[in-house]
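Below you'll find the structure, written out as structure tokens, and then a few comments.
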Amino acid sequence: MVALARRRKTRPEADIEPLGRGRRGRGALVETAVVPRKPTAYWDYIKVEELLALQGGLEPTDTGLSNDEVLFITVHQIDELWFKLILRELITVRNLFAKVPVPEQALASAARGIRRMTLLVEHVSAHFEIMETMTTRDYLAFRDKLNPASGFQSGQLREIEVLLGLSDADRVPLGDEQSYMNALKAHDGSPSSAYRRVAARLHDKPSLVEAIREWLSRTPIQGTAPGDPDDDKNVNAFIESYSAAHEKCALEALEIAKSTALAAGDAERLEKRYAREIEGSRAFLRAEDCPEADRERMKRIRAALVFIESYRELPLLAWPRVIIDELVAFEQAFVIFRQRHARMVERIIGQRTGTGGSSGVDYLDQTALRYRIFRDIWAVRTLLVRQSELPELRSADFYGFVTAP
Ligand code: HEM
């Protein structure tokens with residue numbers, strides 16, 4: 001990675017040209033010619049008239065439609081445009097992290113790209129408040145003509161999920177297998193443009209979560225990288241010392257909690273809960289839940305996450321830590337988008353069946369609870385310890401600081 005390929009002496013590859021100098025061709029500067037052109041008009045560039053002619057739904061124009069229906073169509077269209085921008089950023093970020101090594105100088109712009117994705121999702125969520133100015137009765141006036149159309153057929157949302165790394169196995173089933181793909185077929189069973197988009201995206205590898213995992217797996221931990229002679233030993237030692245530090249902190253917290261427990265029964269419950277937390281953390285770091293074939297890699301990835309979070313002040317770890325934080329912020333915004341959508345839906349249609357045929361609010365709530373991409377990044381939050389309890393850092397100078405005297 002993580003960057004974290006060892007510090008290079010040579011200048012890393014860069015795809016950035018010096019500003020304003022034109023392109024270099026065989027060592028010589030090629031001047032950029034200014035081609036005379038007609039002045040640009042706002043309406044030509046933004047395609048305003050074309051855009052304003054698109055809110056008629058099933059009618060040729062929106063003239064005869066209620067304000068509620070035009071609002072309903074417009075908000076969906078704006079949200080599809082935000083999805084388009086999210087997808088563009090997502091592809092750029094994924095492409096960056098799929099590189100080996102990931103160019104360190106690009107991490108700041110990757111963080112900005114993820115931040116933009118987060119803000120876009122938050123804007124989509126904010127639109128639900130505008131939608132809520134429509135009452136149940138207003139919506140029922142035109143709802144039947146949507147049937148069986150639904151946001152469930154948003155090809156771009158599915159593309160985003162696939163590119164992030166949501167697997168088919170994790171999806172909330174709608175009844176039949178591959179239902180989300182079936183929903184993207186036209187009425188006669190032929191593939192729609194949305195179906196083709198998603199089908200192509202399913203072959204577009206790696207997903208962001210996988211690219212991030214690979215990047216993390218190369219993080220030097222306590223000064224050693226994969227392939228170094230003592231790396232396995234080093235990583236295992238770090239995991240064990242971190243687990244011990246976690247156990248010590250958890251036991252201290254347990255003592256405090258027990259001292260304020262109201263009844264003996266409470267103290268007993270607390271003991272069991274903390275014991276589970278200690279055991280769970282150790283098992284997580286040892287990747288005991290992962291298939292054996294992938295266990296060593298997952299162990300290293302989880303240790304890397306803990307290492308980056310723990311020693312985040314070190315220059316070489318500072319940007320990776322920002323990236324991790326931005327990914328959490330993005331996923332948090334996405335989960336809130338799902339929950340916010342569900343609350344809006346409940347407010348407008350209650351518990352009725354969705355136009356797409358799902359159980360409606362119940363289905364949407366399940367997706368909000370179940371769909372997580374960056375599970376490991378979330379999970380390490382449970383076991384991080386106070387700075388004073390961290391295992392001693394080895395090879396600090398490797399990460400860019402000379403150890404303080
Ligand atoms: C009155 C407003 C809305 C209602 C009543 C509504 C209702 C629903 C329901 C019931 C579903 C579940 C699938 C189904 O059976 O139809 C759904 C899915 C969905 N809706 Fe909405 N929706 C509304 C507005 C919006 C808006 C403004 C967006 C824009 C982003 C949106 C995006 C989606 C998406 C992407 C899904 C698929 C979710 C998934 O499968 O994870 N909806 N909607």
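Got at least one residue in region 207-218 being of a type in the set (D, E, K, R) and more than 30 Å from Ser310 (Cβ to Cβ)?
Initially, region 207-218 is screened for residues of a type in the set (D, E, K, R), giving 210, 213-214, 218.
Keeping just the survivors that are more than 30 Å from Ser310 (Cβ to Cβ) gives none.
Looking through region 207-218, none of the residues is of a type in the set (D, E, K, R) and more than 30 Å from Ser310 (Cβ to Cβ).
Can you tell me which of (1) surrounded by fewer than 19 Cβ atoms within 10 Å (Cβ to Cβ); (2) closer than 26 Å to Ala200 by Cα; (3) within 16 Å of the ligand (Cβ to nearest atom) is the one Leu90 doesn't meet?
For Leu90, the failing item is (1).
Looking at (1) more than 16 Å from the ligand (Cβ to nearest atom); (2) over 24 Å from Leu369 (Cα atoms), which is the only condition Arg213 fails?
Arg213 satisfies every listed condition except (2).
Regarding region 180-198, can at least one residue be identified that is within 30 Å of Val102 (Cα to Cα) and part of a helix (DSSP H, G or I)? Can you show your working first?
Our first condition is that a residue be within 30 Å of Val102 (Cα to Cα); within region 180-198, this holds for 197-198.
Add one more test, that the residue is part of a helix (DSSP H, G or I), and what stays is 197-198.
Checked against the condition, which is being within 30 Å of Val102 (Cα to Cα) and part of a helix (DSSP H, G or I), region 180-198 yields at least one hit.
Yes or no, residue by residue, for (1) more than 19 Å from Gln387 (Cβ to Cβ); (2) touching a strand residue (DSSP E or B) at 6+ places or on another chain (Cβ under 6 Å); (3) not in a helix (DSSP H, G or I):
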position	(1), (2), (3)
Gly227	yes, no, yes
Val235	yes, yes, no
Phe238	no, yes, no
Lys248	no, no, no
Leu251	no, no, no
Ile278	yes, no, no
Arg282	yes, no, no
Asp289	yes, no, yes
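Name, by its number, the condition in (1) β-branched (Val, Ile, Thr); (2) modelled with pLDDT of 95 or more; (3) near the ligand (Cβ under 10 Å from one of its atoms) that does not hold for Val172.
(2)
For the subset of region 203-221 comprising residues that are assigned to a helix (DSSP H, G or I) and not hydrophobic (A, V, I, L, M, F, W, C), which member is farthest from the chain's Cα centre (by Cα)?
In the first step, residues of region 203-221 are kept if they are assigned to a helix (DSSP H, G or I); the result is 208-217.
Among the residues that remain, those that are also not hydrophobic (A, V, I, L, M, F, W, C) are: 210, 213-214, 217.
Details: Glu210: 11, Arg213: 13, Glu214: 16, Ser217: 18 Å.
Filtering first and then ranking leaves Ser217.
For the list (1) surrounded by 18 or more Cβ atoms within 10 Å (Cβ to Cβ); (2) over 20 Å from Met344 (Cα atoms); (3) hydrophobic (A, V, I, L, M, F, W, C); (4) at pLDDT 95 or above, I need the number of the one condition that Val100 fails.
For Val100, the exception is condition (1).
Considering every residue within region 349-363, establish whether at least one is surrounded by 17 or more Cβ atoms within 10 Å (Cβ to Cβ), on the phi < 0 side of the Ramachandran plot, under 23 Å from the mean Cα position of the chain (by Cα) and not β-branched (Val, Ile, Thr).
The answer is yes; a qualifying residue exists.
Only one of Asp62, Asp44 is part of a helix (DSSP H, G or I), over 17 Å from Ser125 (Cβ atoms) and at pLDDT 95 or above; which? Steps first, answer last, please.
Values: Asp62 fails: part of a helix (DSSP H, G or I).
Only one candidate qualifies: Asp44.
Return a yes/no flag: does region 371-390 have any residue that is within 11 Å of the ligand (Cβ to nearest atom) and either under 18 Å from Ser154 (Cβ atoms) or buried (at least 16 other Cβ atoms within 10 Å of the Cβ) (or both). Let's see the steps before the verdict.
Start the filter on region 371-390 by keeping residues that are within 11 Å of the ligand (Cβ to nearest atom), which leaves 371.
Checking the rest, the ones that are also either under 18 Å from Ser154 (Cβ atoms) or buried (at least 16 other Cβ atoms within 10 Å of the Cβ) (or both) come to 371.
There is at least one residue in region 371-390 that is within 11 Å of the ligand (Cβ to nearest atom) and either under 18 Å from Ser154 (Cβ atoms) or buried (at least 16 other Cβ atoms within 10 Å of the Cβ) (or both).
Among the numbered conditions (1) modelled with pLDDT of 95 or more; (2) more than 16 Å from the ligand (Cβ to nearest atom), tell me where Ile130 comes up short.
Single failed check for Ile130: (2).
Residue check, Val322 against (1) within 16 Å of the ligand (Cβ to nearest atom); (2) modelled with pLDDT of 95 or more; (3) crowded, with 16+ Cβ neighbours inside 10 Å, all met but one. Which one?
Condition (1) is where Val322 drops out.
In region 313-326, is there at least one residue being in a helix (DSSP H, G or I) and either of a type in the set (Asp, Glu) or closer than 14 Å to Leu383 by Cα (or both)?
First, pick out the residues of region 313-326 that are in a helix (DSSP H, G or I): 315-326.
If we keep only those that are either of a type in the set (Asp, Glu) or closer than 14 Å to Leu383 by Cα (or both) too, we end up with 325-326.
Yes, the conditions are met somewhere in region 313-326.
The values are calculated or read from the model by the stated rules, or taken from the named source; none is laboratory data. None of the values given here were measured: they were computed from a predicted structure. We place every Cβ from the backbone using ideal geometry, glycine too, and count neighbours over all the protein chains shown.
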